[in-house]
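The block underneath contains the structure these notes are about, expressed in structure tokens.
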Amino acid sequence: MKRDKSISKKSHKTAGLFGFNDKKNMRKARHDKLKKDKDVKKLIPEEPEVPDLFNSDRKTVKSLCAADGINPNQEGYLKFRDGENDIYVCSMYVNEMPRRSGFAETFQPLFDFPNTTANVSIEPITAREATQMLDKRIMKLDSERYAAEKEGDRNRYRKITDKMSETEGWAKSVEAGENVLFRVAFLFSIWAKSVDELNDACAGFHDIALEKNIELVSTYEVHPEAYLSAAPLNNMMKWGVGPFRGRIVKYHVMDRYSLSTIFNHTQSNFSHRHGIIAGHNMATGHPIRIDPYDMSHDGYNIAIAGITGAGKSAAIKMWVSRLVDVYDYKFGAVDFDSPDGLEGEYVPMVSAYGGVVYQIKHNSANILNPFELEEETIFNKKTGSEERKLFLANKISDVTNIILMMIKSGKENADFDTDVFLNEIIGGSINELYEEKDIREDEPDSLYLTGEQSIIAGHITSGKIKKMMPTLSDLYVKLLRKQISNNDKFHEKAFAIAISGLEPYINEIIHSEKTITLFDRMQYEELPVDQYGIKTAQIDGKEEHVFLKRGVKSYFDGQSTVRVTEDTKMVDIDISSLPEDEKNVAQQVGTSYLNEYLIKKNSSNPKKLQKLIILIDEFHRTFPYATARNLVASLYRQARKRYVSMVTITQALTDYSQYEETKAIVKNSAMKILFKQDIMDSDFIRKVTPLTETQIMQVTQLGGTVGIDGEVEEKRKGECCIIDNSDTVAFLKVDYLTRTEAKICETDAAKIAKMMAVPVRRGLAG
């Protein structure tokens, strides 16, 4: 074989040693080298020129997906010109990924990343090729295992053994025809409105991938070809150039079982026909409409759950404000918590819409009477007319539950017999109080004084005037008198519990010890005192001690100081200033009041339907009390008859799991809206929702990582999952549209100031 006489600097220096340093020989050697290169070149077929589809006249697929122009460049992205807008696109593929990967654990955050398209290319491998591939793999692993065993590397030996077992399992299933292998490639394209946004998005995408042990590689030199691969042409095999010739991305071998887990089954085109824009679909970016009264619903109730700091309150306030503003909804709420310690969560929103804010707190003249009773109308479907009704028995039951909660709140449950006696004593006494007012079942007119004069707002008024309702003081006095006359030793404990439990809630009562004779403050001041300094009075010729009783929770004792009219759009009963141990009872009284003046007033005639939302925040706090659960269950029955949307808010969906009444509430809710949930609650989520395993996993990942303050990542607040009662599921990101909304929905003063300083953006925030 003739020796190659190629000349280089090194070979030239060496040539002098062997007599080839003269000019003639050097020229001859150079001539021979050039002649040889030409001859070799002739033998090598020319590579076909790779067409540049982006710059040629041969454009397809609606001019490459309808863009007006595309500018590939050397800076790692594509620039699209679409009308007056520039769009920047960067593509990347999966180079390395975990050996065991499922969609929920690995691919979901990448598939659902905003403004991202995902392209999965699947190429089946023939059984013959797969068998050969697996046999080679087994032989290689066996060799590596032997080396690890010889070196004493137990950890490496164990890992290789696991891989061998898995590969052998694949081989057996492929040979038996039970399994098929595929080459799978993942190509992602990220879209942005500027280079800076694109860089930020790509950095975030890479960070998420790293968390999932995925290595991404940019299609730096072949972005045009990568874009075409992800376009409707969907042809990853033909457009490679340079080192990517033959294919653009790296393919991974997967069997059919693991392949079935990678696809995104979490999204759907959820959107009601009408309703307000709630935010945008996290997968598609499309706006999502929600309407509690959508025609597809069997009922209108909504169950909302999410950890503190997930963005529930801001989202709910924004949705409610839009429903009230655009679709003329009415709204009522019991405001449980205060973000600033001054006023309730919903006060700014209700005030902005001219609603009624009713704050209950200590040392306030505001009173909310739990005995409030209103008539209602029932639509008769047969006659087509509305009939006036007064359901006194239902009211007595509701008030009994409230009073029992007052009495037993913060105390150990009494024994069974005592509970029975308490129900009997309280329920019977409340019934007697209404009887004394001559208020009768199914007689609406018995609520009113007729033909009498009264002074209202400084004016003498005659005609139909509502009677004064019973009060907690009335009930307290009645129980005292019954206790004095009680001869049943089995009832003694029940009377003692009832009176002591009710005493903190009365305003002021002055009464004698034995006959329970009542005195006013002026009479009390004039009474003499005995040698022990106790006031005394002569009653029926006998001296009795006289006591002044004054409760510390008197905001429920007396006639209500607030009235709601038909024109009132919003009502907020703010109990946020009360101590935590007083809020549970206050919530029930407030909810009962909303029932009387909003729910009952909502017509049961479908033609006169007034869309109404009643919100019960921190619903789970009252779950331990059977009386509270009974009251809410009663309200739910009322609401269903009157086309009212009851919205309950808890911190976790599992809060509903403890009691049969609460289980029924969440199961029968027309919509369920889940913000971030704990992964430990997956079993209950699975029972009461149609979510798949993948979707359940995604729900636990909403909002990102929880910080040391217990809140989700700031930029991911407002992420939630909406489940319609038609089993339609969508993952949503809530957006503020205007400064006004931000001001009434956001509770953090610093954030409000920041939002107000930013120029107004039209349309959904990206």
For region 278-316, what are the residues that are touching a residue at least 60 places away in the same chain (Cβ under 8 Å), over 16 Å from V647 (Cβ atoms) and of a type in the set (K, R)? none
Hey, G558 without any contact (Cβ under 8 Å) to a residue 60 or more places away in the chain and of a type outside the set (A, V, I, L, M, F, W, C) or not: no
Exactly one of G344, G332, G306 is in the same structural domain as G707 (by TED's automatic domain parsing) and closer than 18 Å to Q610 by Cα, and that residue is G332
Region 322-360, residues that are surrounded by fewer than 23 Cβ atoms within 10 Å (Cβ to Cβ), in contact with a Ser or Thr (Cβ under 9 Å, 6 or more places away or on another chain) and either among the aliphatic types (A, V, I, L, M) or in a helix (DSSP H, G or I) (or both): L342, V347, P348, A352, V356, V357
Go over the candidates K667, K663, K676 one by one and state the one that is crowded, with 18+ Cβ neighbours inside 10 Å, of a type outside the set (A, V, I, L, M) and under 22 Å from the mean Cα position of the chain (by Cα). K676
What is the one condition in (1) small (G, A, S); (2) out of contact with any helix residue (DSSP H, G or I) (no Cβ under 6 Å at 6 or more places or on another chain); (3) closer than 23 Å to R289 by Cα that G710 does not satisfy? (3)
Residue hits (region 559-598; surrounded by fewer than 20 Cβ atoms within 10 Å (Cβ to Cβ) and under 25 Å from the mean Cα position of the chain (by Cα)) are E580
Which one is surrounded by the most Cβ atoms within 10 Å (Cβ to Cβ), of the residues in region 487-517 that are farther than 30 Å from D581 by Cβ and of a type in the set (S, T, N, Q)? S512
Of the residues that make up region 708-723, is at least one within 25 Å of A303 (Cα to Cα), at pLDDT below 80, surrounded by fewer than 18 Cβ atoms within 10 Å (Cβ to Cβ) and outside the structural domain of A209 (by TED's automatic domain parsing)? yes
I need a count of the residues in region 485-523 that are touching a residue at least 40 places away in the same chain (Cβ under 8 Å) and not in a helix (DSSP H, G or I). 5
Identify all residues within region 604-614 that are over 19 Å from L323 (Cα atoms) and either in contact with a Lys or Arg (Cβ under 6 Å, 6 or more places away or on another chain) or in a loop (DSSP other than H, G, I, E, B) (or both); write none if there are none. S604, N605
Do we have K601 as closer than 18 Å to E503 by Cα, surrounded by 13 or more Cβ atoms within 10 Å (Cβ to Cβ) and basic (K, R) here? no
Applying the selection to region 318-363, what residues are over 19 Å from I302 (Cα atoms), in contact with a Gly (Cβ under 6 Å, 6 or more places away or on another chain) and modelled with pLDDT of 90 or more? none
Kindly establish whether E526 is among the charged types (D, E, K, R) and surrounded by fewer than 12 Cβ atoms within 10 Å (Cβ to Cβ). yes
Filter region 411-468 down to residues that are closer than 27 Å to P504 by Cβ, surrounded by 12 or more Cβ atoms within 10 Å (Cβ to Cβ) and at pLDDT below 85, then give me how many there are. 4
Answer from G558, G590 - the residue that is in a helix (DSSP H, G or I), modelled with pLDDT of 90 or more and under 24 Å from L631 (Cα atoms): G590
Residues in region 126-146: is at least one modelled with pLDDT of 80 or more, in contact with a Lys or Arg (Cβ under 9 Å, 6 or more places away or on another chain) and not basic (K, R)? yes
Selection count, region 709-736, where residues are assigned to a strand (DSSP E or B), among the aliphatic types (A, V, I, L, M) and within 12 Å of the chain's Cα centre (by Cα): 4
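Yes/no per residue for (1) without any contact (Cβ under 8 Å) to a residue 60 or more places away in the chain; (2) of a type in the set (A, V, I, L, M, F, W, C); (3) over 30 Å from G355 (Cβ atoms):
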{"site": "F619", "(1), (2), (3)": "yes, yes, no"}
{"site": "Y625", "(1), (2), (3)": "no, no, no"}
{"site": "N630", "(1), (2), (3)": "no, no, no"}
{"site": "A633", "(1), (2), (3)": "yes, yes, no"}
{"site": "R640", "(1), (2), (3)": "no, no, no"}
{"site": "M646", "(1), (2), (3)": "no, yes, no"}
{"site": "S669", "(1), (2), (3)": "no, no, no"}
{"site": "S682", "(1), (2), (3)": "yes, no, yes"}
{"site": "M697", "(1), (2), (3)": "no, yes, yes"}
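The values are calculated or read from the model by the stated rules, or taken from the named source; none is laboratory data. Remember, it's a predicted structure, so these values are computed and weren't measured experimentally. Glycine also receives a Cβ, built like all others from the backbone with ideal geometry; neighbour counts cover every protein chain displayed.
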